[in-house]
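The values are calculated or read from the model by the stated rules, or taken from the named source; none is laboratory data. This structure is a prediction, so every number in the text was calculated from the model and none was measured. Cβ placement follows ideal geometry from the backbone for every residue including glycine, while neighbour counts extend to all protein chains displayed. Just the protein is used for accessible areas: all its heavy atoms, side chains included, with ligands, DNA and RNA removed. Shrake-Rupley method; radii C 1.70, N 1.55, O 1.52, S 1.80 Å.
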Amino acid sequence: MTELIKAYFWPLIGGIIGLLLAVLIITFGFFKTLLVLIFMAIGISAGYYIQKTGILTNVFK
């Protein structure tokens, strides 16, 4: 079973993401889902920036 997951890791991840997007679009609608995805992208970008610069590492030492 582990070998199967290793062999098809990225297709499984893509399937899970597709399933989550489908559920979001069905429950919230297209534009609300798009808004959620935009805010997620902004949050990921901010988190990457914080990690790259180390701003909070110095604050929480």
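Restricting attention to helices (runs of 4 or more DSSP H) lying wholly within the chain, give those where 3 or more residues are β-branched (Val, Ile, Thr). I'd like the intermediate steps shown before the answer.
Working: elements: 2-7, 9-28, 30-53, 55-59.
Once the helices (runs of 4 or more DSSP H) in the chain are filtered for at least 3 residues that are β-branched (Val, Ile, Thr), what remains is 9-28, 30-53, 55-59.
Going through the stretch 3-49 one residue at a time, which ones are of a type in the set (Val, Ile, Thr) and at pLDDT 90 or above? Please lay out each step first, then the result.
Start the filter on the stretch 3-49 by keeping residues that are of a type in the set (Val, Ile, Thr), which leaves 5, 13, 16-17, 23, 25-27, 33, 36, 38, 42, 44.
Once the filter is applied, which keeps residues that are of a type in the set (Val, Ile, Thr) and at pLDDT 90 or above, the stretch 3-49 yields Ile13, Ile16, Ile17, Val23, Ile25, Ile26, Thr27, Thr33, Val36, Ile38, Ile42, Ile44.
Under 8 Å by Cβ, and 6 or more places apart or on different chains, what pairs join a residue from the stretch 16-28 that is free of Cβ contacts under 8 Å to residues at least 12 places away in the same chain with one that is assigned to a helix (DSSP H, G or I) and open to solvent by less than 100 Å² (accessible area, probe 1.4 Å)?
Within 8 Å, the pairs are Ile25/Thr33; Phe28/Val36.
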